[in-house]
1. Computed from these coordinates, which is Cα Rg over 2.2 N^0.38 Å: (1) 1.14; (2) 1.80; (3) 1.56?
2. Say a paramagnetic label sat at a point 7 Å from the Cα of Leu105, along Cα to Cβ; which residues of the stretch 51-70 have their backbone N under 18 Å from it?
3. If R₀ is 35 angstrom, what is the calculated FRET efficiency for the pair Ser68 and Thr24, using the beta carbon separation as r and rounding to 0.05?
4. Could you let me know the centre-to-centre spacing of the stretch 10-35 and the stretch 40-96, using Cα atoms, in angstrom?
5. Springs between alpha-carbon pairs under 10 angstrom, Gaussian network model over the chain: which of Thr24, Thr70, Thr90 fluctuates most?
6. With a point put 7 Å past each Cα toward its Cβ, work out how far Arg97 is from Lys47 in nm, to one decimal.
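Throughout, read-outs are computed from the coordinates displayed, never taken from laboratory work. Just so it is clear, the structure is predicted and the values come from calculations on it, not from any experiment. Glycine gets a Cβ as well: all are built from the backbone with ideal geometry, and neighbour counts include every protein chain shown.
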Amino acid sequence: MYCPKNTAYRCTAYGRFRIRNTGTKTAPSTRLAIYASLNGRFDASAKLIREYYVYPIGAGYARTVTFSLTLPTNFRHGAYLISFADSRRTVSENNERDNLAVKRLP
C-alpha cells in the first residue's frame, strides 16, 4: 500500500486475492467486490470501492485476482479492506460464510 504523508492525497492499495473452489463442480463466473471499512465489519458503513470479474473456476482449483485501487481519503492507515467473493451470489454453495476476508491497512 502506498500512502503519501500529506493527508490531502489518497492512498493506493494493491495486492492479490486468491479465490478457491472447494466444491465438486466448476463454479460459474462471478464477481469479487472490495469494500473499505473503518470498523472492520461488513455492514452498512462499508463502502464499495471496486468490483472485479472472476472467470469460472474448476472444482478443486483456485484463481488469483490482482488489484490496485485508490482509497477515499477517510479510509487510510488503520482502516480495513474487505473482500467479498461471489458478491452477487451467483454461485450456489454449502458455506457462504467463507466468502469474506478482512485485512487491516498498515
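1. (1)
2. 51-52, 67-70
3. Working: r = 34 Å, r/R0 = 0.96.
Once rounded, the FRET efficiency stands at 0.55.
4. Going from one Cα centre to the other spans 6 Å.
5. With Cα springs under 10 Å in the chain, the top fluctuation among Thr24, Thr70, Thr90 is at Thr24.
6. Between Arg97 and Lys47, the simple spin-label model gives 3.1 nm.
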